[in-house]
Amino acid sequence: MMKVGLMLSAVNPRFWVDAARAAEEAGFESVWLPEHLVFPVAMSGSPHTGHDEPPVDARVPAYDVFVALALVAGHTESIKLATNVYNIGLRHPFVTARAVTTLSMISGGRVELGVGASWLKEEWDAVGLDFSTRGRRVDEAITVCRRLWTEDVIEHHGEFFDFQPVGFEPKPVNGPPPILVGGDSPAAMSRAARLGDGWLPMNHSLSQLPAGIERVAELRRRAGREDPIEVTVAGDAQSVADLHAYDRAGVRRVIVRPFASSREALDGIRRYGEDVLAKMG
């Protein structure tokens with residue numbers, strides 16, 4: 001059955017808890033928040049195909065995504081808590097693994113970790129990291145996090161992270177959380193296939209999704225992974241018919257935002273639950 005998530009990024013933080021509660025009551029499967037560490041004043045590029053200018057500027061508010069989701073966790077019971085996407089390469093794996101584990105403990109294992117290799121070079125420059133090596137750094141960070149979440153004693157000597165044996169307790173509830181890899185480039189699709197439990201395409205249209213999904217599946221088979229990969233898309237699905245169209249394309253979760261402003265959020269969430277989620281078969 002198609003899963004439907006709610007994007008919380010357009011909601012004023014004062015209403016995150018109310019919106020998440022309303023989403024849980026309406027039948028949404030998950031809530032999602034994006035993440036950036038810092039927005040430099042001078043920025044270039046865009047994550048969106050066909051756009052040259054950044055979609056944000058330095059004045060846009062940004063919040064610690066795990067603190068925000070922990071707040072939501074404390075006021076909800078079943079809805080999943082997810083990132084779209086977390087810039088895992090900007091942090092040491094110890095930092096990421098500890099934050100995710102803490103959120104897992106608080107929420108009873110309701111965490112899904114969407115990660116990306118990033119598009120914003122100036123953000124990497126600001127923290128003193130080499131943007132050109134971000135892909136390899138992200139790969140290594142994912143690998144180290146999974147080891148921290150599963151092994152009793154972890155020792156690692158890699159290209160970017162090097163440490164002697166350490167313990168890492170506690171472990172996340174119900175095992176390592178699913179890692180969803182965001183991005184549409186060949187490198188991102190390969191990363192999703194090799195290292196991800198899910199794929200988060202950003203620039204694939206509905207008509208392009210089947211071919212993209214098959215490409216990731218083929219890369220996954222080549223990597224020796226036979227388990228299916230779950231595809232999640234932030235899409236414009238305003239009806240049951242729209243959701244069925246995504247389902248036919250091979251998508252298993254759609255993230256929606258059924259409102260235009262914070263003032264409309266609660267009503268929009270409830271209407272979507274009544275008009276769409278309650279009628280899904």
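Which of the residues that make up region 122-153 are among the hydrophobic types (A, V, I, L, M, F, W, C) and more than 20 Å from residue 187 (Cβ to Cβ)?
Result: 126, 127, 148, 149, 153.
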Considering only region 61-94, state which residues are farther than 17 Å from residue 7 by Cα and either at pLDDT below 95 or among the small types (Gly, Ala, Ser) (or both). 74, 89
Looking at (1) under 19 Å from residue 29 (Cβ atoms); (2) in a helix (DSSP H, G or I), can you tell me which one residue 193 breaks? (1)
Are any of the residues in region 188-209 at positive phi, of a type outside the set (S, T, N, Q) and either buried (at least 20 other Cβ atoms within 10 Å of the Cβ) or without any contact (Cβ under 8 Å) to a residue 40 or more places away in the chain (or both)? no
Enumeration of residues in region 105-120 that are crowded, with 16+ Cβ neighbours inside 10 Å and under 21 Å from residue 200 (Cα atoms): 110, 111, 112, 113, 114, 115, 116, 117, 118, 119, 120
For region 63-85, enumerate the residues that are of a type outside the set (A, V, I, L, M), in contact with a helix residue (DSSP H, G or I) (Cβ under 6 Å, 6 or more places away or on another chain) and surrounded by 16 or more Cβ atoms within 10 Å (Cβ to Cβ). 66, 76, 83
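Okay, residues lined up against (1) under 21 Å from residue 280 (Cα atoms); (2) at pLDDT below 95:
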| residue | (1), (2) |
| --- | --- |
| 13 | no, no |
| 26 | yes, no |
| 29 | yes, no |
| 37 | no, no |
| 51 | no, yes |
Answer residue from region 163-187, given it is surrounded by fewer than 18 Cβ atoms within 10 Å (Cβ to Cβ) and of a type in the set (A, V, I, L, M, F, W, C) and is nearest to residue 82 (Cα to Cα) among those: 173
Residue tally, condition assigned to a loop (DSSP other than H, G, I, E, B) and touching a residue at least 24 places away in the same chain (Cβ under 8 Å), over region 231-245: 4
Would you confirm, using the coordinates I've provided, whether residue 24 is in a helix (DSSP H, G or I) and more than 20 Å from residue 172 (Cβ to Cβ)? yes
When you check residue 272 against the structure, is it hydroxyl-bearing (Ser, Thr, Tyr), closer than 26 Å to residue 180 by Cα and out of contact with any strand residue (DSSP E or B) (no Cβ under 6 Å at 6 or more places or on another chain), yes or no? yes
For region 203-230, enumerate the residues that are of a type outside the set (Lys, Arg) and in a helix (DSSP H, G or I). 209, 210, 211, 212, 213, 214, 216, 217, 218, 219
Scanning region 246-256 for residues that are surrounded by fewer than 20 Cβ atoms within 10 Å (Cβ to Cβ) and in contact (Cβ under 8 Å) with a residue 24 or more places away in the chain, the one farthest from residue 25 (Cα to Cα) turns out to be 250
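Condition check ((1) more than 30 Å from residue 258 (Cα to Cα); (2) over 16 Å from the mean Cα position of the chain (by Cα); (3) among the basic types (Lys, Arg); (4) modelled with pLDDT of 95 or more) across all residues:
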site	(1), (2), (3), (4)
138	yes, no, no, yes
145	yes, no, no, yes
152	yes, yes, no, yes
158	yes, yes, no, yes
163	yes, yes, no, yes
191	yes, no, yes, yes
194	yes, yes, yes, yes
198	no, no, no, yes
237	no, yes, no, yes
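The values are calculated or read from the model by the stated rules, or taken from the named source; none is laboratory data. Owing to the predicted nature of the structure, the values given are computational and were not obtained by experimental measurement. Cβ: placed from backbone, ideal geometry, glycine included. Neighbour counts: every protein chain shown.
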